[in-house]
Amino acid sequence: MNLVILNFNILTLFPELFTSFLGESIVKRAIKSKKIQVNLINFRDFAKDKHHTVDDTPYGGGAGMVLKCEPIFDAFASINSRFKIQDSKLKTRTVFLTPQGKRLTQARVEKLARYNQLTLLCGHYEGVDQRVRDELIDEEISIGDYVLTGGELPAMVLIDAISRLQPGVLGKEDSHLQDSFTKALKRKKEYPHYTKPADFQGLKVPDILLSGNHAEIEKWRKSQLK
Ligand code: ADE
């Protein structure tokens, strides 16, 4: 049996948002081949009152609602008992997705890709009780300077970017993507790519690429780098 390399725990009020993301393409394959594992945890399930309340008005007054401590602390505790990787040498980290967090970069993705267990908390509403941030969260991450309705899309961005770096997640046929993406990010230049058909509604592929002359093709590609 293959060992799971990276285990994601996602704490969200909207687990169904993840259904198609996890059920398609490279991420689906990574889960199937146990390169990654994703546990979706709805922290509303941990609210103890009969209305399953997860938020409340802020102490001190003001607009908006604040996510309460108890359901989130209880959800974290359940992760630790249900999913915790037993070996203490395995690395774990907790991340809160928020527009106030540190900006996600490829360098940060590469650092996070070295963990064995990543617990991602997706916020909603106005904010989360500060005690959650102080006690449970190692790192706060933003995917950009704009405000989304919740942390679910940012969590998917993070899972996607981290998963493709796990050994064996990109197959042989697409592993070059890893290289070219990273290079593109370092502002290395790219040449134009074409595939079949050679003539698409009159838009033609440059003749040189159809010539079979690899030295000339190489020269042409160098001349086209941008
Ligand atoms: N939640 C809402 N907006 C966000 C953003 N830009 N990045 C991360 N989490 C968020």
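The values are calculated or read from the model by the stated rules, or taken from the named source; none is laboratory data. On a predicted model such as this, the values are computed, not experimentally measured, just so you know. Note that we place each Cβ from the backbone using ideal geometry, even for glycine, and neighbour counts take in every protein chain shown. Quick note on the areas: whole protein, heavy atoms, side chains included, nothing else; ligands and nucleic acids left out. Shrake-Rupley method; radii C 1.70, N 1.55, O 1.52, S 1.80 Å.
Observations on the structure shown:
- Any pair with Cβ under 8 angstrom, 6 or more apart, that starts in region 129-152 at a residue that is touching a residue at least 40 places away in the same chain (Cβ under 8 Å) and ends at one that is open to solvent by 40 Å² or more (accessible area, probe 1.4 Å) and within 6 Å of the ligand (Cβ to nearest atom): 142/99; 145/99; 146/99; 147/99; 148/99
- Residue satisfying all of: in region 152-172; over 8 Å from the mean Cα position of the chain (by Cα) and surrounded by fewer than 17 Cβ atoms within 10 Å (Cβ to Cβ); nearest to the ligand (Cβ to nearest atom) among these: 153
- Those residues of region 114-151 which are over 27 Å from residue 63 (Cα atoms) and either within 13 Å of the ligand (Cβ to nearest atom) or surrounded by 17 or more Cβ atoms within 10 Å (Cβ to Cβ) (or both), in sequence order: 115, 117, 118, 119
- Count of residues meeting criterion [open to solvent by 70 Å² or more (accessible area, probe 1.4 Å) and within 38 Å of the chain's Cα centre (by Cα)] in region 202-213: 2
- Failed condition for residue 30, given (1) open to solvent by 50 Å² or more (accessible area, probe 1.4 Å); (2) assigned to a helix (DSSP H, G or I): (1)
- In region 128-152, the residues that are closer than 9 Å to residue 98 by Cα and in a strand (DSSP E or B): 140, 141, 142
- Residue in region 53-64 that is within 22 Å of the chain's Cα centre (by Cα), open to solvent by 10 Å² or more (accessible area, probe 1.4 Å) and assigned by TED's automatic domain parsing to the domain that holds residue 153 present: no
- Selection over region 93-127 of residues that are assigned to a helix (DSSP H, G or I) and free of Cβ contacts under 8 Å to residues at least 60 places away in the same chain gives a count of 6.
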